[in-house]
Amino acid sequence: MKRTNRLFLILIALLVLTGCEFLQSSLSSEIEKSVLEDSGIATISSANWYYNGTKDTNMKELTSLGSENYVASSVLVSFGKQVALKSENPVGSIELTYTGEDGLSTKKTFQQLSGSFTQDYRGYKINMADVLAYFDTTTIPSGTASMTIKVGGFVCAEGSQSGRAIPAIEHKMTIMPLFKSYDVDFSTCWYKEGDYVSIPLNGKVTVSLNNVKSSNGDEFSITTKENEILLTPTTNIFGKESTTTISLLDIMAENAGDSYSTTLNLNFVKNAIVMDGKEDINYSNERAVSVTDDSSDQSAFAGLGYDVSSNADITKLSIVNDDKNLYIGVAGNLSFTWNDGLVIMIAEEGGTEISRSEYQAATTESFKRGSNKPFAYLFHKPGAGGDSVSGEFGVYSNSTGTKTNITANSVANPTGWTTSSTGTFLEYSIPLADLGLTKDDPISVIAISSLHWDDGNAVCDVAPNAGVSKSLDDNNMSVQYDFSNGLMYTVK
């Protein structure tokens with residue numbers, strides 16, 4: 001019995017000692033955390049850093065100190081407490097990694113850091129001039145660079161932990177231009193109060209100005225939304241057709257230590273749609289019609305049993321016209337590769353006959369003229385032809401009984417497609433005269449995303465869905481198109 005009691009007491013003692021050690025460890029951890037918070041913690045808040053330019057901007061002149069066009073560029077390190085430097089400059093380095101025109105990855109290391117404190121001494125702006133001097137659009141094709149920042153050498157400068165060293169940090173960031181373009185197009189065809197000009201950006205910003213005036217006297221109020229600066233006219237710009245410049249000041253990009261200023265060109269045009277590859281506000285105008293399509297609803301309407309679930313997915317089809325052109329916009333996850341494409345067919349509205357057309361390799365010869373069959377068709381492979389603007393593109397009309405190539409007078413703008421990336425919006429402009437259309441003419445439109453190979457083909461998505469039904473013949477090469485269920489539109 002005594003032996004048992006002794007063992008019990010030993011076990012209790014061990015548990016007490018272990019518990020004390022655990023408690024001491026927990027307290028040490030909490031104390032360490034409290035000390036760090038009281039002395040300040042160095043942080044860089046984002047994985048991206050945006051410089052004041054476009055992908056084509058030569059930054060060398062803009063980053064040369066003393067240059068007339070010098071622009072301060074910095075990365076902000078935040079501490080949460082007032083801090084100071086142990087010595088004259090921070091300790092650390094910036095390792096720049098970039099892909100040259102030859103496709104090879106190259107590294108450049110900057111061993112000395114410099115910069116300045118924010119006004120409240122709770123942040124430090126690391127000078128990026130040396131890094132950006134390499135962005136001359138020849139040494140580094142912009143948008144293909146990243147950097148790893150290692151920075152330390154700071155001490156707390158306030159409170160009970162004043163003088164305590166702040167741990168150094170290491171942070172990797174992708175380097176990107178802030179602006180997508182310095183030229184912005186805006187349609188004034190049906191402009192009404194409240195419409196705005198969108199300045200597309202690659203990152204989020206804040207703008208301190210509330211109002212701005214352009215070079216021709218037009219005035220705008222400024223707001224921001226996601227990756228856009230919105231300029232809402234406070235003067236009437238209805239029907240204007242001109243180019244004006246506008247200067248934007250105090251634009252603060254996320255993770256930037258210094259604000260940016262830039263001058264943009266605003267191009268006012270009378271066309272209903274500006275062919276810039278963006279979903280213009282006029283596609284939502286009361287004169288336009290649209291149909292939405294469920295996302296991720298691709299189905300092999302024709303083909304040899306291919307799985308198309310991960311391929312191009314149409315989510316919206318829109319139509320509108322002005323005095324000269326018919327415009328068609330297609331939105332969605334348009335992941336067309338070099339050999340995949342889009343087909344748009346236009347037929348007379350109405351009728352219940354189901355039109356049967358062969359679809360094979362997206363060639364124009366696949367479509368036959370007939371009653372209630374398409375009198376015009378467009379095919380487009382936006383990913384074909386490398387990084388060209390339009391890829392492979394063709395438009396044909398049979399409005400007069402003879403198939404006529406009208407590609408030269410039509411426009412495709414697949415902004416965003418390169419050999420390695422795809423976009424989310426396609427738009428097309430086709431002259432009404434080439435289509436044989438005039439005011440009050442009714443039409444029906446069906447859009448088809450496709451994929452195809454040497455041994456077969458598949459229609460992977462359709463808008464509207466009811467415009468097509470699966471119908472395989474012996475060769476598995478036919479699709480039925482029902483234009484009575486296409487997107488109906490009457491020329492205005």
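If you take the beta carbon distance between residue 339 and residue 219 as r and set R0 to 56 Å, what does 1/(1 + (r/R0)^6) give as a FRET efficiency, to the nearest 0.05?
Taking R0 as 56 Å, the efficiency between residue 339 and residue 219 is 0.70.
Which three numbers, in whole Å and largest first, are the semi-axes of the equivalent ellipsoid of the range 87-222 derived from its Cα gyration tensor as √(5λ)?
Equivalent ellipsoid of the range 87-222: 38, 25, 11 Å, largest first.
Based on the mean of other beta carbon atoms within 10 Å per residue, what is the order of 85-92, 169-176, most packed first? Could the numbers behind the result be given before it?
Details: 85-92: 14.0, 169-176: 17.0.
By packing density, highest mean first, the sequence is 169-176, 85-92.
Would you please give the FRET efficiency between residue 193 and residue 89, computed as 1/(1 + (r/R0)^6) with r the Cβ-Cβ distance and R0 = 45 Å, to the nearest 0.05?
0.25
Would you mind telling me the share, in percent, of accessible area of the range 201-306 contributed by carbon and sulfur at probe 1.4 angstrom?
44
When the dipole is taken about the Cα centre of the range 62-114, and only Lys, Arg (+1) and Asp, Glu (-1) are charged at their Cβ, what size is it in debye, to the nearest 20?
My answer is approximately 340 debye.
Do the alpha carbons of any pairs in 324/492; 240/270; 55/150; 180/204 sit beyond 18 Å of each other, and which pairs?
In this structure, 55/150 lie more than 18 Å apart at Cα.
The values are calculated or read from the model by the stated rules, or taken from the named source; none is laboratory data. These numbers come from a predicted model, not from an experiment. Cβ sites come from the backbone with ideal geometry, for glycine too, and all protein chains shown count toward neighbours. Ligands, DNA and RNA are stripped out before the accessible areas are found, and what is left, the full protein with its side chains, is counted by its heavy atoms. Shrake-Rupley method; radii C 1.70, N 1.55, O 1.52, S 1.80 Å.
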